[in-house]
Amino acid sequence: MNFVAGVDLGGTAVNYTIINQQGEFLIEGLCEHPALSVQGPGVCLKQIEDGLHIAVEKAGVKMDQIAAVGLDTPGPASATGVLSARGSTNFVHEHWAGYDIRANLEERLKRPVTYLNDGNAGALWGHVSLFGPENKATSVSAIIGTGLGGGIILEGEMVVKGRSGFGGELGHVLIPYQSIKGIEGLHPVCNCGRTGDLEALCSLTAIARDFLPYFLPRYPGHSLAAMDIKQAAKHVRGMAEKGDPMCREIFRVQAHALGLFFDEMINTFDPDALIVGGGAIETSPDFQRWFIDEIHAGMPAQRVEQASIPIHIMPNGDTAGARGAALEALKLLR
Ligand SMILES: [Zn+2]
């Protein structure tokens with residue numbers, strides 16, 4: 001019996017999962033090991049290997065039964081897993097620049113290693129969780145975290161990676177945000193330099209950079225005004241869930257931005273499903289339903305055939321990367 005491991009490498013932790021050939025997951029929740037990425041690739045790859053042994057044991061299988069390993073990391077990186085020469089904000093050590101993490105891990109683990117960026121890995125998991133491992137469906141996933149990641153799965157399991165690995169970089173797609181009511185005069189600028197792309201409106205960074213400075217003066221005496229703005233931004237989701245009017249308004253604007261974006265994707269791909277994931281919607285089912293209703297409310301009028309395209313919440317959000325990475329490696333066994 002062959003098994004496949006999924007390895008989700010973040011800046012501080014590595015998360016693992018193990019699946020069998022039928023695509024069943026042998027580890028339910030998080031299985032984490034410290035990444036030590038600030039100590040450079042040499043130390044970090046040893047950490048990945050050490051943690052993998054622990055995960056394999058936890059799953060009740062043997063290391064020599066692991067036929068392949070799927071790796072995902074934050075971008076920017078090439079489609080084959082060479083990290084950007086400009087380095088990465090998540091991996092703070094000079095030796096990471098231009099580092100071929102996939103090939104080096106493959107050499108270390110002595111078995112095939114596949115690579116996806118973390119957004120694409122999450123999107124693959126979201127897709128397979130809806131449609132199963134064998135399918136011909138198309139989906140678009142938006143994952144709202146510190147930034148906005150995501151991915152596009154075309155007619156089955158094909159992950160759109162693109163020429164340079166930037167396929168599915170949905171956060172930097174421009175949207176006609178000027179049509180959203182209630183943010184007149186707002187100029188949402190993204191880290192990438194664009195004004196009005198999806199990440200500039202729909203991310204934790206957008207809340208700290210754009211929305212709190214815009215909305216706090218409109219809600220005098222709001223409790224978040226006294227806080228450091230980056231800390232305050234982290235409270236917005238919880239307060240929105242509890243019904244705070246300003247925080248609800250911020251999430252309404254984010255949902256409408258996502259509605260505009262999904263409308264673009266509907267007209268580009270005519271997908272079977274749209275999927276939302278990430279920390280922003282790790283909330284109660286009630287809030288998730290409200291958020292999805294607001295996404296629909298933010299969309300322009302659509303053809304009858306398009307209006308029925310469902311919007312789903314991605315399950316198992318904190319393990320999505322590892323699960324998607326494993327599913328990519330599973331393709332090697334088929
Ligand atoms: Zn951008």
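The values are calculated or read from the model by the stated rules, or taken from the named source; none is laboratory data. Computed from a predicted structure; not experimentally measured. Here Cβ is always computed from backbone atoms with ideal geometry, including for glycine, and neighbour counts include all displayed protein chains. SASA here: full protein model, heavy atoms, side chains in, ligands and nucleic acids out. Shrake-Rupley method; radii C 1.70, N 1.55, O 1.52, S 1.80 Å.
Here are a few things to note about the model shown:
- The single residue among Ser179, Ser203 that is closer than 17 Å to His256 by Cβ, of a type in the set (S, T, N, Q) and more than 16 Å from the ligand (Cβ to nearest atom) turns out to be Ser179.
- Test: residue in segment 286-303 that is open to solvent by 30 Å² or more (accessible area, probe 1.4 Å), at pLDDT 95 or above and of a type in the set (Phe, Trp, Tyr): yes
- On the stretch given as segment 156-175, residues that are at pLDDT 95 or above and open to solvent by 60 Å² or more (accessible area, probe 1.4 Å) total 1.
- Unique residue being part of a loop (DSSP other than H, G, I, E, B) and in contact with an Asp or Glu (Cβ under 8 Å, 6 or more places away or on another chain) when the list is Gly98, Gly75: Gly75
- Being in contact with a helix residue (DSSP H, G or I) (Cβ under 9 Å, 6 or more places away or on another chain), open to solvent by less than 10 Å² (accessible area, probe 1.4 Å) and more than 14 Å from the ligand (Cβ to nearest atom) holds for only one residue in Leu212, Leu216, and it is Leu212.
- Remark: Asn120 falls outside the filter, which requires a residue to be in contact (Cβ under 8 Å) with a residue 24 or more places away in the chain and more than 30 Å from Gln254 (Cα to Cα).
- Criterion applied to Leu45, Leu52, Leu36, Leu83 was being of a type in the set (A, V, I, L, M) and under 19 Å from the mean Cα position of the chain (by Cα), and the one residue passing it is Leu83.
- Residue ID - farthest from Leu71 (Cα to Cα), chosen from residues in segment 10-26 that are assigned to a loop (DSSP other than H, G, I, E, B) and within 20 Å of the chain's Cα centre (by Cα): Thr12
- Residue within segment 247-260 that is open to solvent by 10 Å² or more (accessible area, probe 1.4 Å), free of Cβ contacts under 8 Å to residues at least 40 places away in the same chain and within 19 Å of Ala206 (Cβ to Cβ) present: yes
- Search result, residues across segment 36-62 that are touching a Cys at 6+ places or on another chain (Cβ under 6 Å) and either among the β-branched types (Val, Ile, Thr) or under 16 Å from Ile101 (Cα atoms) (or both): Leu36, Ser37
- No other residue among Met265, Met314 is buried (at least 20 other Cβ atoms within 10 Å of the Cβ), under 20 Å from Gly145 (Cβ atoms) and either among the charged types (D, E, K, R) or in contact with a Pro (Cβ under 9 Å, 6 or more places away or on another chain) (or both) apart from Met265.
Table: residues versus (1) in contact with a Cys (Cβ under 6 Å, 6 or more places away or on another chain); (2) β-branched (Val, Ile, Thr); (3) open to solvent by 10 Å² or more (accessible area, probe 1.4 Å).
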{"site": "His95", "(1), (2), (3)": "no, no, yes"}
{"site": "Gly98", "(1), (2), (3)": "no, no, yes"}
{"site": "Lys110", "(1), (2), (3)": "no, no, yes"}
{"site": "Val113", "(1), (2), (3)": "no, yes, no"}
{"site": "Ala123", "(1), (2), (3)": "no, no, no"}
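- Checked against (1) touching a residue at least 60 places away in the same chain (Cβ under 8 Å); (2) touching a helix residue (DSSP H, G or I) at 6+ places or on another chain (Cβ under 9 Å), Glu32 passes all but condition (1).
- Residue check, Ala232 in contact with a Leu (Cβ under 6 Å, 6 or more places away or on another chain), over 25 Å from Ile309 (Cβ atoms) and crowded, with 19+ Cβ neighbours inside 10 Å: yes
- Filter result for Asp197 (surrounded by 14 or more Cβ atoms within 10 Å (Cβ to Cβ), touching a Pro at 6+ places or on another chain (Cβ under 7 Å), among the charged types (D, E, K, R) and modelled with pLDDT of 95 or more): no
- The set of residues in segment 182-194 being without any contact (Cβ under 8 Å) to a residue 24 or more places away in the chain, open to solvent by 20 Å² or more (accessible area, probe 1.4 Å) and near the ligand (Cβ under 9 Å from one of its atoms) consists of Val189, Cys192, Gly193, Arg194.
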